[in-house]
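Everything below concerns the one structure shown next.
The values are calculated or read from the model by the stated rules, or taken from the named source; none is laboratory data. Since this is a predicted model, take the numbers as computed values, not measurements. Positions of Cβ are generated from backbone atoms using ideal geometry, with glycine treated the same way; all protein chains shown enter the neighbour counts. Heavy atoms of the whole protein, side chains included, go into the accessibility calculation; ligands, DNA and RNA do not. Shrake-Rupley method; radii C 1.70, N 1.55, O 1.52, S 1.80 Å.
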Number of protein chains: 2
Amino acid sequence: MKLGVKIMPREVILDTQGRAVEASMKSNGFNTLSQCRVGKFIELTLTTTEASQAKAEVEKMLKEGGLYNPLIERYEIQTGE
Amino acid sequence: MKLGVKIMPREVILDTQGRAVEASMKSNGFNTLSQCRVGKFIELTLTTTEASQAKAEVEKMLKEGGLYNPLIERYEIQTGE
């Protein structure tokens, strides 16, 4: 089954990439933009078919496999891709 | 309102970052992983309150503002962040 993992910089972290996109959009005339944050999205296809087991494996990859940095990032697993 | 934009490399494009993550996870013993693709996730906060208008603005940013490369990427707007 296919799962998605959204990894975003924590709110307290200065997101330089997001700030750059924000500034660039504003200078291009998109004045309704008030904030922008840029993170990663990882699509994982597993041979596991059971949803809760697949989610547990993805969490293990994130925490033990080092897919994300808990000090500066937060993650969110999206099922039903 | 807050909107999310998921930007992934197109299926026909060789995703080197995804392949690297896949190989790394497999060598770490995560054998149930069959495919991995890595893309971007952008969280945009707009002053616009109307959902369909906000979505139109984000689409304009993507297409005219150059937030994504249509040749090698596909995007998906997620509301209800």
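Given the options A:Gly66, A:Gly18, name the one that is within 11 Å of chain B (Cβ to nearest Cβ) and open to solvent by less than 50 Å² (accessible area, probe 1.4 Å).
Step by step, each of A:Gly66, A:Gly18 is checked, and only A:Gly18 is within 11 Å of chain B (Cβ to nearest Cβ) and open to solvent by less than 50 Å² (accessible area, probe 1.4 Å).
Consider B:Glu57 carefully, then state whether it is open to solvent by 60 Å² or more (accessible area, probe 1.4 Å), under 21 Å from A:Asn28 (Cβ atoms), acidic (Asp, Glu) and over 16 Å from the mean Cα position of the chain (by Cα).
It is false that B:Glu57 is open to solvent by 60 Å² or more (accessible area, probe 1.4 Å), under 21 Å from A:Asn28 (Cβ atoms), acidic (Asp, Glu) and over 16 Å from the mean Cα position of the chain (by Cα).
Hey, does the range A:1-8 have a residue that's at pLDDT 95 or above, in contact with an Asp or Glu (Cβ under 6 Å, 6 or more places away or on another chain) and hydrophobic (A, V, I, L, M, F, W, C)?
Scanning the range A:1-8 turns up at least one residue that is at pLDDT 95 or above, in contact with an Asp or Glu (Cβ under 6 Å, 6 or more places away or on another chain) and hydrophobic (A, V, I, L, M, F, W, C).
Go through the range B:1-40 and report how many residues are in a strand (DSSP E or B), of a type outside the set (A, V, I, L, M) and within 19 Å of A:Met61 (Cα to Cα).
The qualifying residues number 6.
Looking only at the range A:21-54, which residues are farther than 23 Å from A:Glu73 by Cβ, within 7 Å of another protein chain (Cβ to nearest Cβ) and open to solvent by 60 Å² or more (accessible area, probe 1.4 Å)?
Scanning the range A:21-54 gives A:Asn28, A:Thr47.
Of the conditions (1) under 17 Å from B:Ala23 (Cβ atoms); (2) touching a helix residue (DSSP H, G or I) at 6+ places or on another chain (Cβ under 9 Å), A:Leu33 fails just one. Which one is it?
Just one mismatch for A:Leu33, condition (1).
Only one of B:Gly39, B:Gly66 is in contact with a Gly (Cβ under 9 Å, 6 or more places away or on another chain) and under 18 Å from A:Val38 (Cβ atoms). Can you tell me which?
B:Gly39
Please go through the range A:31-81 and give me each residue that is within 30 Å of B:Leu67 (Cα to Cα) and polar (S, T, N, Q), ordered by number.
Answer for the range A:31-81, where residues must be within 30 Å of B:Leu67 (Cα to Cα) and polar (S, T, N, Q): A:Asn31, A:Thr32, A:Ser34, A:Gln35, A:Thr45, A:Asn69, A:Gln78, A:Thr79.
Of everything in the range A:1-15, what is open to solvent by less than 10 Å² (accessible area, probe 1.4 Å) and within 15 Å of B:Thr45 (Cα to Cα)? Give them in sequence order.
The one that is open to solvent by less than 10 Å² (accessible area, probe 1.4 Å) and within 15 Å of B:Thr45 (Cα to Cα): A:Met8.
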